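Taking it in order: structure first as structure tokens, then the write-up.
Only the coordinates and a few stated rules stand behind these numbers; no lab work does. Treat the numbers as computed from the prediction; the structure is a model and nothing was measured. FYI the Cβ positions are ideal-geometry reconstructions off the backbone, even for glycines, and counts take in every protein chain you see.
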Amino acid sequence: MPTFVHISDLHFGREQAEVIAAWFKQAAVLRPDLVIISGDLTQRATAEEYIAAQQFLAQLQWPYFTIPGNHDMSATDLTERFFNPWKKWEKYISPATEPVLKQAGYVVVGVNTARAAGFYFDWSRGQISHKQIKEVQAKLAVTPEQDLRLVVAHHPFWLPQLSAYRDLVKHRDQALEAFHFAGVDLILSGHVHRSYTQILQGVLIVHAGTTFSSRLVEGQANSFNVIKGDRQQLSVEFMTWQGSEFQLAERRQFRHNNGVWQQTTGLNSV
Ligand SMILES: [Fe+2]
Ligand SMILES: [Fe+2]
């Protein structure tokens, strides 16, 4: 039964060394099969920040899977932003912005929802195109029935009340419907710097807060998630920063029934 450690919004440039050191200690105990990083590895997409993120990844003693977020493209170098937005990502992090990982028991598909611009005021908003939706379906088409199917995308497919002022990923409804029919079990995201879970269209949506950065929203400490389980049942543990270490704040359990996920414990909180 695999253990996934889900971290997000690392924002190197605004990272806290003490929090990173404590996370490494905790991760060494958890010994994850995979560390999943759901975007915003940097704060301003500078070379220095990318090098810091690259050094962090090099220190991981476990396999990792990552996709970019909106902060990982430059907001000041507009030539780079509009003509080669993933130049530094490809140089320092990975040649892929939408990786796929197939392992015994699970498959992970990355979707890059960050955009250089859009026909809306807030350019930090993300979107998933119809082409990307079809690509996710194709990448999952030959997955064995018993294998857990995870999609990792930076922007939110659901928002809790406290983050309702943020935008959902554009084309959320079409994507969710397609993902449901493709048998997607989990969507792992970040961006709003809050940890939460929600089930929509039978798909379990899991958000991690900002794991290392000082870019905290009110009422949310630094956090990460531990996801353990298989396609029948799994648990999501919220780990939150308590001043000198991460501690378990809450465990939620889920069961897969007739192609939909249902929450079986921890029903009283968002
Ligand atoms: Fe972020
Ligand atoms: Fe973001």
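Residues whose amide H lies under 5 Å from that of residue 67, counting only those 5 or more places away or on a different chain, are 37, 39; hydrogens are built 1.01 Å from N in the peptide plane.
Of the cross-linked pairs 170/228; 131/228; 88/228; 25/88; 102/228, those separated by over 21 Å at the C-alpha level are 170/228; 131/228; 88/228; 25/88. Placing a pseudo-label 7 Å from each Cα along the Cα-to-Cβ vector at residue 177 and residue 247 gives an inter-label distance of 4.6 nm. Multiplying the sequence separation of residue 62 and residue 200 by 0.36 nm and subtracting their Cα-Cα distance, what value in nm do you get? Length gained between residue 62 and residue 200: 46.6 nm. Per residue, the convex hull spanned by the alpha carbons of the chain comes to 121 Å³.
Rounded to 0.05, the FRET efficiency of the residue 135 and residue 91 pair, given R0 = 30 Å and the Cβ-Cβ distance, is 0.80. Cβ-Cβ distance of residue 164 and residue 75, R₀ of 25 Å, FRET efficiency by 1/(1 + (r/R0)^6): the value works out to about 0.50. Using the Cβ-Cβ distance between residue 232 and residue 31 with R0 = 25 Å, the FRET efficiency computed as 1/(1 + (r/R0)^6) comes to roughly 0.65.
Where only DSSP H runs of four or more residues are counted, the chain gives -6000 deg cm²/dmol as its mean residue ellipticity at 222 nm, each run worth -39500 (n - 2.57).
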